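The values are calculated or read from the model by the stated rules, or taken from the named source; none is laboratory data. This structure is a prediction, so every number in the text was calculated from the model and none was measured. We place every Cβ from the backbone using ideal geometry, glycine too, and count neighbours over all the protein chains shown.
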Amino acid sequence: RGLREFVSQDMSNTVWAFVTSGHEAGPLLDLVEQEVHQRGVRGFKPQELTNLVWALAKVDYSSDRFFEIVSRDVLEHRDLSTFQSQELSNLVWGFSTVMKRDEALFLAVEKEAVTRGLHDFKPQELANIAWAFAKVGQPAVDLFNKLEMEILHRRDLASFIPQELSNVLWSFAKLGHGSSMMFDTVGQDMLRRGLSCFKTQELSNAVWAHATTGNDGKALFTSVEKEALQRGLHAFSSQDLSNMIWAFAKGEHVASILFVQIQEQFARMADESEDGGLSSYRAQELANLLWACAKTQHSAKGLFETAEGEAQGVLRAME
């Protein structure tokens, strides 16, 4: 029957329901994309439109045509002052998640957010909008200045869940924004609440952000090392582990016991008998680990030997 009988709210709600419930939505999304191409999105209210954007991005449905139609409609026919804070956040989050770097759209959202202020944005909305701009590399200096003031002077950070704090730190660092005071404030809040409630990715992001921006965060690094040792390095994904080790080396934080455990883990993995071996690491992750071990003068012999062997294998395959 298609979607011709569906009004905009019905279409948006149906897609949202399929995605949030985890049901296979591919065929439905194909129909939605076709219907949007035929009728446009002028009839969608802001919530309906941004829920649709969020849902398609959530399942990585990255149709260029769909996102171009949405962008054109928003820029040419919409007044962003009529969008709620969650709708602005969902809009740019959706575009960033599928890596649609629409500079004009992001500039318009930044202008609206800065003009109205961030006091009505919930912590999740603040974290998501910051993440969205950082993900696509949109500088948004004015927006991040506003966000820093919000964090330092107007917000109780206890209202942020660990993932939101981690995303905020990552976003500031990714774009090179944020003062030492801002990083110290968030780092101290993490220490006050205890690191046991943070996932490994969130711990890794926190020290990565401090190291990337040159913020010391000594107490945070010490606590992250302790937490990592308690959990065991097997709890970290290859990306989280390589980013964390890189951060310790970049920030010149001595973590002797941590690096000893790294060496031991590499030795076990060198024969590819554990967790798929080092072949499960991507090139960038291996490079980060090699650099960190060299920077801190830790040999990690198994890592270097395995990396050399894999590099030789790649070269042989190219012959």
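Counting only residues that are in contact with an Asp or Glu (Cβ under 7 Å, 6 or more places away or on another chain) and assigned to a loop (DSSP other than H, G, I, E, B), region 97-125 holds 2 of them.
Considering each residue of region 13-26 in turn, at least one proves to be at pLDDT 85 or above, closer than 30 Å to Asp120 by Cα, surrounded by 14 or more Cβ atoms within 10 Å (Cβ to Cβ) and not hydrophobic (A, V, I, L, M, F, W, C).
Within region 1-59, being in contact with a Gly (Cβ under 9 Å, 6 or more places away or on another chain) and of a type in the set (Lys, Arg) holds for one residue alone: Lys58. Would it be correct to say that Val141 is out of contact with any Lys or Arg (no Cβ under 9 Å at 6 or more places or on another chain) and surrounded by fewer than 23 Cβ atoms within 10 Å (Cβ to Cβ)? Here the answer is yes, as Val141 does meet what is asked.
Exactly one residue out of Gly214, Gly178, Gly187 is out of contact with any helix residue (DSSP H, G or I) (no Cβ under 8 Å at 6 or more places or on another chain) and either aromatic (Phe, Trp, Tyr) or at pLDDT 95 or above (or both): that is Gly214.
Here is a yes/no grid of residues against (1) among the β-branched types (Val, Ile, Thr); (2) closer than 19 Å to Val19 by Cα; (3) in a helix (DSSP H, G or I):
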site	(1), (2), (3)
Asp30	no, yes, yes
Glu35	no, yes, yes
Gln38	no, no, yes
Arg42	no, no, no
Thr50	yes, yes, yes
Ala55	no, yes, yes
Tyr61	no, yes, no
Glu68	no, no, yes
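Among the residues of region 53-69, the one identified as of a type in the set (S, T, N, Q) and either out of contact with any Lys or Arg (no Cβ under 8 Å at 6 or more places or on another chain) or buried (at least 17 other Cβ atoms within 10 Å of the Cβ) (or both) is Ser63. Within region 90-116, the set of residues being farther than 21 Å from Asn51 by Cβ and crowded, with 18+ Cβ neighbours inside 10 Å comprises Glu110 only.
In region 127-210, counting only helices (runs of 4 or more DSSP H) that sit wholly within it, none holds 3 or more residues that are under 22 Å from Val114 (Cα atoms) and free of Cβ contacts under 8 Å to residues at least 12 places away in the same chain. Tell me, yes or no, whether region 253-271 has at least one residue that is outside any helix (DSSP H, G or I), modelled with pLDDT under 90 and touching a Gly at 6+ places or on another chain (Cβ under 6 Å). Yes - at least one qualifying residue is present in region 253-271.
Residues that are surrounded by fewer than 17 Cβ atoms within 10 Å (Cβ to Cβ) and over 27 Å from Ala247 (Cα atoms) do not occur anywhere in region 162-185.
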